[in-house]
Amino acid sequence: MSNKMDFIRINNFIDGEWVEETGVDYVPLFNPSNGEQIGEVPLSKPETSIQAVQSAHAAYDAWRNITVNQRVSYLYKIRQAMIDKEEDLAFAIAVDQAKHISEARGEVQRVVQIIETACSIPTLIQGESLDHIAANINGRVVKAPLGVFCGVAPFNFPALVFGWFIPFAIGAGNTFVFKPSTQSPYFMQKMGEIFNEIELPKGVINIIHGNRTVVQPWYDDQRVSGICLVGSTPTAKKMAEGCGRGGKRSMLLGGAKNFLVVMEDVQWDVFIENYLNSCYGSAGQRCLAGSLVAVVPQIHDELIERIAEASKTVQFGSALDPEIYMGPVISANAKQKIEKYIDIGVQEGARLILDGRNPQMPDDIKNGYYVGPTIFADVTPEMTIYKEEIFGPVVCVVKINHMDDVLDLIRQQEFGNGACLFTQNLYYTEKFINQADVGMIGVNVGIPAPHPYLPFGGIKDSHLGTNKVQGKDGIDFFTQNKIATIRFAPPIGSIDYGDESQKAEQRSEQQPGVRSCVAT
Ligand code: NAD
């Protein structure tokens with residue numbers, strides 16, 4: 001894989017065509033590993049977004065009316081193309097989002113797994129039926145598509161969020177308009193090429209680039225049936241307002257502040273490995289990243305010593321360097337914001353154990369956006385660094401007396417995405433699963449991301465709207481239940497019921513409500 005690349009001009013993908021946006025500003029696209037501009041992204045006009053919705057709307061009827069097997073056959077083709085092009089796709093993620101190349105490969109592989117799950121749609125989409133509700137009357141629940149869905153992605157999972165939304169949506173018979181983050185749009189540019197290579201019918205998936213201006217027209221567009229987002233909580237709240245006003249079904253995943261809870265019987269090797277991945281993987285820019293570590297007094301000092309020692313060994317540098325563990329953060333702004341949080345932590349009295357501000361980097365990457373592993377001890381719930389999502393490799397250690405303390409702290413949090421417990425004790429485990437007020441729980445794992453067959457999502461301010469992504473929740477979001485009541489015999493007057501006993505049985509089964517309902 002070569003790191004040399006052509007200048008990337010990101011274009012919209014509408015009705016199966018690459019559409020260059022004119023008369024608008026383009027924002028620079030940077031490689032966070034070295035700070036170089038590698039391309040540019042259009043801030044598209046609202047009219048172009050409306051055009052993308054029109055394209056998805058025009059494609060809908062034909063797409064929903066092909067057989068479910070035919071729709072799934074396209075998912076298989078997308079899956080195979082992603083497997084064949086794994087390296088290319090991972091490079092696209094590593095170069096603009098700066099996810100370390102091995103993690104970027106992992107992200108592509110996870111999307112392949114999600115598509116494999118969505119390939120079960122002929123099973124997952126099956127409805128229900130209740131035969132013999134009354135004489136010659138059956139009831140059936142059909143899971144039907146709704147129409148056009150629109151989705152918005154955050155910068156940190158350009159591939160995964162495509163996977164969460166689109167395979168389930170289109171597999172169920174909907175069409176889609178997708179807006180990637182302007183900070184990491186390159187992966188979807190590659191996917192657009194795949195959609196054309198596999199000859200996905202035009203308009204089934206459209207890609208529009210820009211900021212909130214391209215999202216706003218969706219709220220009041222009658223052709224849009226639902227809107228989904230993965231992003232920060234303030235964005236989720238703004239979109240919830242728009243969706244509420246426009247009467248759209250919504251699935252809005254927000255920000256997070258996740259605890260790793262360490263009990264006295266922790267297995268240290270398991271914890272340290274998971275701690276490093278959870279807190280410093282993707283440079284701490286995951287919604288399931290560990291950012292608060294709660295520890296009981298018996299092992300408090302030992303934990304700080306151990307995590308400090310392990311964190312000092314974390315090598316960070318270019319996301320394309322296979323030897324390093326952690327890449328940069330997404331932008332110069334993000335670096336500045338994270339370092340400001342570290343300043344605030346110091347000012348508010350937390351004990352800085354390891355300081356990742358302004359690390360010295362080699363010349364070829366000295367303009368990259370690096371923050372090293374950072375650890376604070378003696379963090380208390382009043383502190384800003386405890387309360388706010390820092391979204392960087394910054395860890396806050398909080399002392400608790402026993403598990404009930406951290407369960408209270410979790411309950412009081414506005415966020416409720418994930419929490420992980422490190423213990424060998426079954427009582428602690430069951431109690432934690434039962435009482436931790438979050439959407440996703442890990443036991444002896446640092447990233448409690450559920451497998452694609454299961455739903456993924458938090459609670460409280462980490463998740464607005466009704467459904468979680470993936471699994472049956474995802475299917476429910478992208479389908480509507482239609483309930484059919486079917487009489488399959490001639491009208492009552494013309495039926496020859498045969499002998500009198502059969503007639504009486506029929507009459508007793510026909511409840512008055514049902515009789516009048518089916519007769520009108
Ligand atoms: P962000 O909220 O700044 O942006 C997310 C997307 O929303 C981008 O595409 C952006 O252009 C768009 N956007 C921003 N303001 C908008 C508005 N007013 N209306 C419509 N669209 C708008 O988030 P980010 O910085 O790109 O991503 C990081 C955030 O995402 C973190 O808070 C992280 O926790 C969260 N996240 C959550 C999950 C989850 O599963 N809960 C997963 C990944 C990331």
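The values are calculated or read from the model by the stated rules, or taken from the named source; none is laboratory data. Because the structure is a prediction, the values reported are computed rather than measured. Reconstructed Cβ throughout: ideal geometry from the backbone, glycine too, with neighbour counts over all protein chains shown. Protein only, heavy atoms only, side chains kept; ligands, DNA and RNA dropped before computing areas. Shrake-Rupley method; radii C 1.70, N 1.55, O 1.52, S 1.80 Å.
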Fill in the blank from the handout: Considering the range 438-461, residues that are within 10 Å of the ligand (Cβ to nearest atom) and either out of contact with any strand residue (DSSP E or B) (no Cβ under 6 Å at 6 or more places or on another chain) or outside any loop (DSSP other than H, G, I, E, B) (or both), and then whichever is most open to solvent (accessible area, probe 1.4 Å), we arrive at 449
Practice task
Out of the residues in the range 420-429 that are aromatic (Phe, Trp, Tyr) and touching a strand residue (DSSP E or B) at 6+ places or on another chain (Cβ under 9 Å), state the one that is farthest from the ligand (Cβ to nearest atom).
Solution key: 428
Exercise for the section: Sort out for me the helices (runs of 4 or more DSSP H) sitting completely within the range 323-419 that have 1 or more residues that are within 16 Å of the ligand (Cβ to nearest atom), open to solvent by 10 Å² or more (accessible area, probe 1.4 Å) and not aliphatic (A, V, I, L, M). Expected result: 332-347, 384-387
Exercise for the section: Go through (1) polar (S, T, N, Q); (2) open to solvent by 40 Å² or more (accessible area, probe 1.4 Å); (3) under 13 Å from the mean Cα position of the chain (by Cα) one by one and return the number of the condition residue 424 breaks. Expected result: (3)
Practice task
Select from the range 35-76 the residues that are crowded, with 21+ Cβ neighbours inside 10 Å and part of a loop (DSSP other than H, G, I, E, B) and list them in ascending order.
Solution key: 44
Problem - residue 203 more than 9 Å from the ligand (Cβ to nearest atom) and either among the aliphatic types (A, V, I, L, M) or at pLDDT 95 or above (or both) - result: yes
Practice task
Examine the range 242-249 for a residue that is more than 16 Å from the ligand (Cβ to nearest atom), surrounded by fewer than 20 Cβ atoms within 10 Å (Cβ to Cβ) and assigned by TED's automatic domain parsing to the domain that holds residue 311, and state whether such a residue exists.
Solution key: no
Completion exercise
Expected output for the range 455-467 (first residue free of Cβ contacts under 8 Å to residues at least 24 places away in the same chain, partner more than 11 Å from the ligand (Cβ to nearest atom) and not in a loop (DSSP other than H, G, I, E, B), Cβ below 9 Å, 6+ apart or cross-chain) is 455/471; 455/472; 455/473; 455/474
Exercise for the section: Please work out if residue 268 is within 16 Å of the ligand (Cβ to nearest atom) and of a type in the set (Phe, Trp, Tyr). Expected result: no
Fill in the blank from the handout: Within the range 183-224, the residues that are hydroxyl-bearing (Ser, Thr, Tyr) and either over 20 Å from the mean Cα position of the chain (by Cα) or surrounded by fewer than 21 Cβ atoms within 10 Å (Cβ to Cβ) (or both) are 213, 219
Exercise for the section: Have a look at 157, 162, 149 and point out the one that is part of a strand (DSSP E or B) and within 16 Å of the ligand (Cβ to nearest atom). Expected result: 149
